[in-house]
Each structure stands twice: as structure tokens, then as C-alpha cells.
Amino acid sequence: DAAILRYMRQRLLETLCDAQIGASDPRSRELYIQTVPEDGARLHRMVILSRAALLGSVDLALVGFFGNKRGDASPAILQDVDTELLQEFLIHTYVLSYSSLEMPDGNWANMVLLEHTEGIEHWRASQKHAYVARDLAPQFYTSIRLHNGMLPGGLSVGPLMLHTTKYYEYEQAGRWQAIRDFR
């Protein structure tokens, strides 16, 4: 998972350096959506809210999401709510970007970059996000890995440091969860 997050970080940086996203007003918080092709005709969508903050040299909080979807899961379950969540990003001032990478097996990896670690708690307070995590995730996924970490020094420098990983399994016999703290 860490290697995939590093790859997503690099692709986001390349996209920000190549594109003129938000270049006219560095203080703007608008929703820019870039989709870049990956090998095997896979998609990589990047939602960018603040180019200037992402390219700055401040520490960034990171959330990585990896889910194993159910074989019978319909993507329609999450597509409608995904659009609503994207619009909600505009009111969550800590959220700087949200990337979704289609994996070769058909699952998805997501990476959210935030201006401060407080942003993670602010995002968790979202009723829409809570609904997705509590009600939709068990219907769509068999298991989830949720990583919290940092990019010390920002997007373009320094290592990717994972602090914790939460594991969730949604089996018919019940739910299971665990947490691993790397600090």
C-alpha cells in the first residue's frame, strides 16, 4: 500500500507541475478534476482544491484507503454519493486533494491530502462521510485498510510516513477491526 501511495503522490506532483490548475489565483479553492490514463487502460482521477498549498513546503496529512470490493457489489452504490462528497470538499478547508487510482484487479486506492492533521477529524465529522463509512462500506467492501500518515516537507520532498493503519473486515459472521500504530 505504501508503494502505491508513493506512486499516487508522484503522479499528483507531475500533474500539478504540468497543468495550469489553479495557477491564476493561488488562493483559490475550486474543484479541479484531472483524469490521467494509467497502464492497462486504468483510470487515475485527481481532485485538486489548492494547487498552491499542495506545491508549498509544509507538512501534509495523508489518508490512504484500500478496499476489496464484494464480487456482487454494484458501483452505482458509491457513484451517486461520490459526486456529493466531491462537492462537500469545498466546505472542508483542510482537504487539498483526493486521488483515486484504479488497481489492476478492479479495486481502487484513494489518497487524501490535507493541510493539517486536524483536517482528518474535521472530515470525519461530515455526516455524508459517516454515512458512507457506516452504511455503504459494509455493503460494497469485504475489507478495508485505512492508513493515516504524513508527508513531512510537503508533496515534493521527504518520505511518506505512515502512522497508523486501521483494518476493517465485513464478513457475514460479523465485523472485525484492528489498528496498528507504527509510531
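The values are calculated or read from the model by the stated rules, or taken from the named source; none is laboratory data. The structure presented is a predicted model; accordingly, all values stated were derived computationally and were not measured. Backbone-built Cβ (ideal geometry, glycine too); neighbour counts: all protein chains shown. Accessible surface areas use protein heavy atoms only, side chains included; no ligands, DNA or RNA. Shrake-Rupley method; radii C 1.70, N 1.55, O 1.52, S 1.80 Å.
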How far is helix 2-18 tilted off the main Cα axis of the chain, in degrees rounded to 10, range 0 to 90?
30
Distance in nm between label sites at D18 and M103, each 7 Å beyond Cα in the beta-carbon direction?
2.5
How much area per residue is accessible in region 60-183 when the probe is 1.4 Å and only protein heavy atoms are counted (Å²)?
52
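Heavy atoms only, probe 1.4 Å: what % of the accessible area of region 1-112 goes to carbon and sulfur, would you let me know? Numbers along the way, then the final one.
Working: 2870 of 5500 Å².
Taking all protein chains in place, region 1-112 shows 52 percent carbon and sulfur surface.
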Expressed as an acute angle from 0 to 90° and rounded to the nearest 10, what is the orientation of the C-alpha long axis of helix 76-88 relative to the principal long axis of the chain?
30
Kindly write out, for region 152-162 in residue order, the coupling ³J(HN,Hα) from the Karplus curve 6.51 cos²θ - 1.76 cosθ + 1.60 (θ = phi - 60°), rounded to whole Hz, with x marking Gly and Pro.
x, x, x, 5, 9, 9, x, x, 8, 10, 8
Give me Rg/Rg_expected for region 127-171, where Rg uses Cα atoms only and Rg_expected = 2.2 N^0.38 Å with N residues.
1.52
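Compute the FRET efficiency between E38 and S74 as 1/(1 + (r/R0)^6), taking r as their Cβ-Cβ distance and R0 = 35 Å, and round to the nearest 0.05.
On the way: r = 23 Å, r/R0 = 0.67.
E(calc), rounded to 0.05, equals 0.90.
What is the extension gain from R145 to I91, computed as 0.36 nm multiplied by their sequence separation minus the C-alpha to C-alpha distance, in nm to one decimal? Show your work: numbers first, answer last.
On the way: separation 54, 0.36 × 54 = 19.44 nm, distance 2.59 nm.
16.8 nm is the gain from fully extending R145 to I91.
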Through the Karplus equation 6.51 cos²θ - 1.76 cosθ + 1.60, θ set to phi - 60°, convert the phi angles of region 99-111 into ³J(HN,Hα) values in whole Hz; use x for Gly and Pro.
10, 10, 10, 6, 8, x, 8, x, 7, 10, 10, 10, 9
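Taking R0 as 35 Å, what FRET efficiency do you get between V58 and E171 from their Cβ-Cβ distance, rounded to the nearest 0.05?
Numbers: r = 41 Å, r/R0 = 1.16.
FRET efficiency, V58 to E171: 0.30.
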When P(r) over Cα pairs in 10 Å bins from 0, in percent is calculated directly from the model, which label among (i) 9, 34, 34, 18, 5, 0; (ii) 9, 35, 34, 15, 6, 1; (iii) 9, 38, 39, 13, 1, 0 fits?
(iii)
